[in-house]
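Chemist: One structure, pasted below without further comment.
The values are calculated or read from the model by the stated rules, or taken from the named source; none is laboratory data. On a predicted model such as this, the values are computed, not experimentally measured, just so you know. No Cβ is skipped: glycine too gets one built from the backbone with ideal geometry, and neighbour counts run over all protein chains shown. We work out accessible area using only protein heavy atoms, side chains counted, and drop any ligands, DNA or RNA first. Shrake-Rupley method; radii C 1.70, N 1.55, O 1.52, S 1.80 Å.
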Amino acid sequence: MSLSSAAGVNIIGAGLAGSLLAILLAKRGFKVTVYERRADPRLAVVDGGRSINLALAARGIRGLELAGVLGRVMKFAIPMRGRMVHEHDGAAALQLYGVRPDEVIYSVARSELNRVLIEAADEMPNVAFRFGQLCLGLAHEKNVLELRDEVTGHIYHADAQPSIATDGAGSAVRDALVAREVATVREELLDHEYKELTIPPVDGKPALEVNALHIWPRGGFMLIALPNPDATFTATLFLARSGANSFEGLGSQAAVEEFFAREFPSANALMPDLVREFLEHPQGSLGTVYTKGWHLNGEVLLLGDAAHAIVPFHGQGMNCAFEDCAELDRLMDEHHGWAGLFEAFEHTRRPNTDAIAQMALENYVEMREAVLDPDYRRKKAEAEELEKKDPNFIPRYSMVMFHPEIPYREAQARK
Ligand SMILES: Cc1cc2nc3c(=O)[nH]c(=O)nc-3n(C[C@H](O)[C@H](O)[C@H](O)COP(=O)(O)OP(=O)(O)OC[C@H]3O[C@@H](n4cnc5c(N)ncnc54)[C@H](O)[C@@H]3O)c2cc1C
């Protein structure tokens with residue numbers, strides 16, 4: 001089927017990638033229908049258990065700019081100039097992310113970002129959102145979507161016409177492609193998990209430096225905190241699931257109190273509601289999803305986390321998903337049929353998403369351990385000096401975060 005003859009395009013999942021993609025496809029004139037399992041987040045309380053705020057960097061910014069929504073997002077984005085590393089003795093030092101003033105990343109609230117993207121898409125006359133519709137996969141015999149209305153329980157089919165699945169790391173559409181032996185998937189679960197906590201304001205003011213991403217690195221594990229517009233910080237503990245110093249050992253009030261007082265005394269003092277939050281908040285798992293075979297004919301395509309979920313330590317999952325959207329949009333200028341477009345998309349994107357998956361895993365060690373190492377700090381300082389003198393020298397972290405013109409694969413190879 002040619003791009004121009006498509007009656008419309010379905011998107012499965014109105015998360016970050018799905019809602020941005022809806023805008024880009026609608027701008028190209030397609031009639032877009034977005035099926036989302038949750039209720040409309042503009043009307044309902046957003047479900048918990050997902051990260052509360054995210055680091056937005058240049059690749060994500062590029063996607064938002066292309067869709068014409070960057071201005072709306074920047075209204076609630078908080079610039080973070082570097083990592084504030086909090087040592088055990090309470091000393092804290094800022095390690096700048098870049099050498100130029102504009103080399104900053106931004107803390108954005110996931111729920112607010114998603115709401116703004118849905119709002120912007122919904123303002124377009126050729127986008128229709130269908131909330132409360134769970135995609136069950138592809139119907140047996142044909143490539144049609146099988147959906148269930150979450151209110152009535154009614155199961156029905158929708159023509160693939162084609163369909164782009166942005167239904168996240170646990171994608172039902174990916175499962176359907178695997179069941180049909182179109183795709184193969186390898187899911188590598190990390191043996192570390194995460195839990196989110198709150199650092200409230202002190203006397204109405206932020207308890208920490210606002211324009212920084214805070215890290216309390218402790219070798220085998222770490223606590224991080226990102227600022228929110230309401231003067232709170234969302235702190236995230238990344239810790240082994242089991243063994244010494246693990247979530248398994250933190251099942252009681254006494255154990256939580258003792259662990260935080262011992263490992264994070266300075267952060268502990270800022271979290272008056274720590275124990276209640278710790279015992280009540282969900283514990284999230286982390287992993288990498290490697291998929292091969294992202295598409296079926298010109299009818300189905302996986303994009304974003306549905307195709308390639310990664311661990312969050314480079315702050316790139318959403319940025320990469322937004323870059324996916326921009327790349328698909330770019331490739332539409334070069335391809336006239338959906339099958340060729342989808343094939344080209346996987347061909348160009350997969351080497352890059354494999355590269356960021358690897359770099360994200362490596363960055364966990366850098367964040368929780370290397371930033372404390374004097375040798376690492378010396379090398380980083382030297383790299384900064386070199387970068388100031390020679391504009392052709394760009395450290396790998398900067399390539400990933402601030403240079404969207406350098407593909408992930410190249411950043412990984414150049415090192
Ligand atoms: C702790 C943590 C911290 C993170 N921090 C960062 C960060 O700082 N920076 C960054 O760039 N990335 C970060 N990420 C990664 C980022 O959250 C994801 O990469 C991003 O959300 C992917 O967007 P997506 O649209 O592909 O999937 P999602 O945002 O997960 O959206 C999927 C959507 O599909 C819907 N859906 C799911 N299944 C179905 C179904 N069967 N039928 C219909 N709808 C369905 C869901 O309800 C959801 O709305 C982090 C992730 C975690 C877990």
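Chemist: Can you tell me how many residues in the stretch 196-223 are open to solvent by less than 20 Å² (accessible area, probe 1.4 Å) and of a type in the set (Val, Ile, Thr)?
Modeler: 2
Chemist: So is Asp329 under 27 Å from Phe402 (Cα atoms), away from the ligand (no atom under 11 Å from the Cβ), without any contact (Cβ under 8 Å) to a residue 40 or more places away in the chain and out of contact with any strand residue (DSSP E or B) (no Cβ under 6 Å at 6 or more places or on another chain) or not?
Modeler: Here the answer is no, as Asp329 does not meet what is asked.
Chemist: Let me ask something else about it. Give the stretch 4-39 a look and list any residue that's open to solvent by less than 20 Å² (accessible area, probe 1.4 Å), over 20 Å from Leu64 (Cβ atoms) and not in a strand (DSSP E or B), or say none.
Modeler: Of everything in the stretch 4-39, those that are open to solvent by less than 20 Å² (accessible area, probe 1.4 Å), over 20 Å from Leu64 (Cβ atoms) and not in a strand (DSSP E or B) turn out to be Ala6, Gly8.
Chemist: Here is a further query. How many residues, within the stretch 245-271, are surrounded by fewer than 16 Cβ atoms within 10 Å (Cβ to Cβ) and part of a loop (DSSP other than H, G, I, E, B)?
Modeler: 3
Chemist: Given the condition farther than 30 Å from Leu25 by Cβ, open to solvent by less than 10 Å² (accessible area, probe 1.4 Å), more than 22 Å from the chain's Cα centre (by Cα) and in contact (Cβ under 8 Å) with a residue 60 or more places away in the chain, answer yes or no: does some residue in the stretch 78-95 qualify?
Modeler: yes
Chemist: Could you check, for the stretch 131-143, whether at least one of its residues is within 13 Å of the ligand (Cβ to nearest atom), over 20 Å from Leu341 (Cα atoms) and touching a Gly at 6+ places or on another chain (Cβ under 9 Å)?
Modeler: Looking through the stretch 131-143, at least one residue is within 13 Å of the ligand (Cβ to nearest atom), over 20 Å from Leu341 (Cα atoms) and touching a Gly at 6+ places or on another chain (Cβ under 9 Å).
Chemist: Can I ask one more? Sort out which residues of the stretch 276-287 are over 23 Å from Asp167 (Cβ atoms) and either in contact with a Leu (Cβ under 6 Å, 6 or more places away or on another chain) or crowded, with 18+ Cβ neighbours inside 10 Å (or both), and write them in order of number.
Modeler: Answer for the stretch 276-287, where residues must be over 23 Å from Asp167 (Cβ atoms) and either in contact with a Leu (Cβ under 6 Å, 6 or more places away or on another chain) or crowded, with 18+ Cβ neighbours inside 10 Å (or both): Glu277, Phe278.
Chemist: Then there's this: Inside the stretch 138-151, can you point out the residues that are part of a strand (DSSP E or B) and open to solvent by 40 Å² or more (accessible area, probe 1.4 Å)?
Modeler: Matches in the stretch 138-151: Glu146, Arg148.
Chemist: Among the numbered criteria (1) at pLDDT 95 or above; (2) more than 17 Å from Gly170 (Cα to Cα), which one does Lys292 miss?
Modeler: Condition (2) is where Lys292 drops out.
Chemist: May I ask you to verify whether Gln316 is open to solvent by 20 Å² or more (accessible area, probe 1.4 Å) and on the phi < 0 side of the Ramachandran plot?
Modeler: No: the conditions fail for Gln316.
Chemist: Looking at the stretch 395-404, can you tell me whether even one residue there is within 14 Å of the ligand (Cβ to nearest atom), among the aliphatic types (A, V, I, L, M), within 23 Å of the chain's Cα centre (by Cα) and within 20 Å of Asn10 (Cβ to Cβ)?
Modeler: No.
Chemist: Let me ask you something else. For the stretch 160-191, which positions are in contact (Cβ under 8 Å) with a residue 60 or more places away in the chain, of a type in the set (D, E, K, R) and surrounded by fewer than 17 Cβ atoms within 10 Å (Cβ to Cβ)?
Modeler: Scanning the stretch 160-191 gives Arg180, Arg186, Glu187, Glu188.
Chemist: Which ones in the stretch 103-137 are part of a strand (DSSP E or B) and under 18 Å from Gly63 (Cα atoms)?
Modeler: Ile105, Tyr106, Ser107, Val108, Ala109
Chemist: Here's a follow-up. Answer with yes or no whether Thr234 is at negative phi, out of contact with any Pro (no Cβ under 6 Å at 6 or more places or on another chain) and open to solvent by less than 60 Å² (accessible area, probe 1.4 Å).
Modeler: When the stated conditions are applied, Thr234 passes them.
Chemist: Further question: Taking the stretch 288-304, which residues are over 16 Å from Ala160 (Cβ atoms) and either over 22 Å from the mean Cα position of the chain (by Cα) or open to solvent by 20 Å² or more (accessible area, probe 1.4 Å) (or both)?
Modeler: Tyr290, Lys292
Chemist: Select, from Val365, Val400, Val371, the only residue that is surrounded by fewer than 17 Cβ atoms within 10 Å (Cβ to Cβ) and within 23 Å of Thr288 (Cβ to Cβ).
Modeler: Checking each option against the conditions leaves just Val365.
Chemist: Tell me, please, whether a residue that is assigned to a helix (DSSP H, G or I), in contact with a Cys (Cβ under 9 Å, 6 or more places away or on another chain) and in contact (Cβ under 8 Å) with a residue 40 or more places away in the chain can be found in the stretch 333-343. Lay out the reasoning, then the answer.
Modeler: Filtering the stretch 333-343 for residues assigned to a helix (DSSP H, G or I) gives 338-343.
Filter once more, keeping what is in contact with a Cys (Cβ under 9 Å, 6 or more places away or on another chain): none.
No; the residues of the stretch 333-343 include none that is assigned to a helix (DSSP H, G or I), in contact with a Cys (Cβ under 9 Å, 6 or more places away or on another chain) and in contact (Cβ under 8 Å) with a residue 40 or more places away in the chain.
Chemist: List every residue pair whose Cβ atoms sit under 6 Å apart, with the two residues 6 or more apart in sequence or on different chains, where the first one lies in the stretch 398-412 and is within 18 Å of Cys325 (Cβ to Cβ) and the second, anywhere, is basic (Lys, Arg) and crowded, with 22+ Cβ neighbours inside 10 Å.
Modeler: Qualifying pairs under 6 Å: Pro404/Arg59.
Chemist: How do the pairs read when you match residues in the stretch 272-296 that are in a strand (DSSP E or B) with residues anywhere that are surrounded by fewer than 16 Cβ atoms within 10 Å (Cβ to Cβ) and hydroxyl-bearing (Ser, Thr, Tyr), using Cβ under 8 Å and keeping only pairs 6 or more apart or on different chains?
Modeler: Sorted first by the residue in the stretch 272-296, then by its partner, the pairs are Thr291/Thr184; Lys292/Thr184.
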